[in-house]
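A short worksheet on the structure shown next.
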Amino acid sequence: MADPTPLLSQEATPIALADPRRSDTHHLDPARLDPFVVERAGLRLLRDGVDTGTDAQQLKLLWVLIDAWPGVVSKDELLDKVWGGHVSEAALHKTVSLLRKRLHALGDGKEFIRTRHRHGYQLLVEPMPLDAEAGNVPESVSSVLHARASSSRWTALWVALSIAMALTALAASQLLRPALPLPEPASAERVAPSPLPVDALAEHDNPALLQLARDATPSDLALAAAAADTLRARIDANVEPGLAGLARKQAGLVAYHRGDYRDAVALFEAAISPLQTAEDWVELANVLGNIGASWVELGDLGPQTETRYREALDIWTRLDDAAGMARTYNNLVNLHLKRAQPGDAEHDLDALTKVVARLDDPAWDVRVDVLRGDLLDAEAQSGAQDAYASALALATRAGHADLAAVAAQRLARLAERANDLVLAYRWLTQARQHYEAAGSRGQLPQLDYALAANRERAGHASDAIAHYESVLDALAPQASPQLRADTESGIARLLAERGEHDAARQRLQHAARDARLSGDALALTSVLIGQGFHLLAAGESAVAAVALAREAEVTLGTRDSWSHRRNILALSGLALAATEHVEEALMKASQLRAEAIRRDDLPSLAQADTIEAAAHLMRGDFAPGYQALRRTRANPELLATADAGSPATPATQPSTSGSRSSWLILALLPMAYVAGRLSRH
């Protein structure tokens, strides 16, 4: 498979940073800036060998300060060397502030940059060449711990287990970071739309309004909505039922592309009766298929969804309309795949392939390749990547940007699974630009969510938060409550990792309120799980975390969402272990393990091992706790793929596997061990 064409291919080029005031530092690359290593060539800031994901502009500025040490660098000089003098002082102040905060947070509270008022900025820590450290290496942590542990077998065991857990955390953190630095994602410039020409719309006759609504969907949804609403206000369904049905259908399409799937269902359902009265069977079949697609977007994979699809298929078959049959078979295959019914999916895919043979349309060849890849992927067979690559090539040659975006997303999903976060980020970025070019703005929130999850796994917290915020900006006020809930939980999770627990708590509280107002049970379940994990991460009431896990379980009810259910079990197990209810915690781990084995779900199996380790260590049962810890450590990457309740993801969106709770689990293990050790004395 050929590599994707990077859409953000411009690498940040290091500039010449020599400074006559500090002639012995300009050659440093890399440099030790305790406790960091700064690489000039790769523009990376490392802590303990791990890339911190610091912004390239911040690192350019840092190198100017390193080369000038111990001198002061003026603002004009920084503006010239870092930006070529093409930005304002406000950009300089913001970059310095962000860099200062990042170094302070990651550098154990040490101050690295001082502002010299009316003069500029000065680096406070002396930069050193790495090779100068070779002859002056401090005694290793492990040797010091070994010397201290010689007096007590308990202390020795404590040290051994602590080192094992530290290695586990380090391995997982390494796997959550990309191998190469990525350019910053370009932020889209927001341009205020021109006022809608309402008076001009009033001058259009009814057929012209309908055509305008069709032509403007989805490229200009505001104009499409205005045209459809103007038409709906004019039409009397008793006089012109066919036109009334089409106006409602078009308004439903606008709501669908905006992500307002519940409104879309209501509008499509309202179109059925007038279209039946008008005996417009083609549009009736379209509406029935649209209802099924909207239910899928809402996460409803139940019988009513398939019933609507089958009703549409029956009409298309009686009309002998190959294109309509192809659309419906496509929807049915996706529905079967979401239900984990590969046999039914293969049956309908074979039927689709036969229908597509009657169509001279390359777009359908692309869709068949994508679905074939999905089926191979679902059955864990080889060939999925080749199918997606073929789909992308066909879509590119035919100029179908939206289908090229679908294929790129599928390739991103495979790259994520292979833990190649750099490649996955490039595919997702490419997919986003394809959707923008196609005018499919309704897909952008899901793309931004996937990009945020990717950046979070890669350790780029600031980029992740920016992408999460883009999701919220793009969503309509009442649209996609589960996606909104998962996005708010993602931001809260990153804030908690930075120690901003008050901000994280407020975010989750607002998300819980919005989820309750929406009436979406899956959205509320996601937030409750996030609140429970946050309580444990912040060192707050584990008893309250147990209560939140139980509330989440009641809220979820009998809904078929394994991603939510497994995280409820994980939250319950960890919270019970933290409250020293070890037997109950082990029972939760056992339930999670049994279901993970049945589903062949390795990330959930790793979660079960971790809960078991925490429970045993909390009680002081070191042997079984250590064995469970070793099982988790043997596959640390599994923790990096455990995700909390993921949003109701459309068929064109790969599931975003990101570390939702592994950071908490790894943080809890040492605390559990210490508590268990103390209980044995």
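The values are calculated or read from the model by the stated rules, or taken from the named source; none is laboratory data. From a predicted model like this one, the values you see are computed outputs, not experimental measurements. For neighbour counting, all protein chains shown are included, and Cβ atoms are generated from backbone atoms with ideal geometry for every residue, glycine included.
Only residues that are surrounded by 24 or more Cβ atoms within 10 Å (Cβ to Cβ) and small (Gly, Ala, Ser) were counted across the range 228-286, and they come to 11. If you filter the range 39-75 down to residues that are at pLDDT below 85 and assigned to a helix (DSSP H, G or I), you find that the one that is farthest from the chain's Cα centre (by Cα) is Gln57.
Pick from Ala511, Ala570: which is within 15 Å of Ala485 (Cα to Cα) and buried (at least 20 other Cβ atoms within 10 Å of the Cβ)?
Ala511
From the list Val333, Val355, Val366, the one residue that fits, being assigned to a helix (DSSP H, G or I), more than 28 Å from the chain's Cα centre (by Cα) and crowded, with 17+ Cβ neighbours inside 10 Å, is Val355. Only one entry of Val368, Val355 meets the criterion of being in contact with a Leu (Cβ under 8 Å, 6 or more places away or on another chain) and of a type in the set (A, V, I, L, M), and that entry is Val368. The single condition from (1) more than 26 Å from Ala577 (Cβ to Cβ); (2) within 22 Å of the chain's Cα centre (by Cα) that His501 fails is (1).
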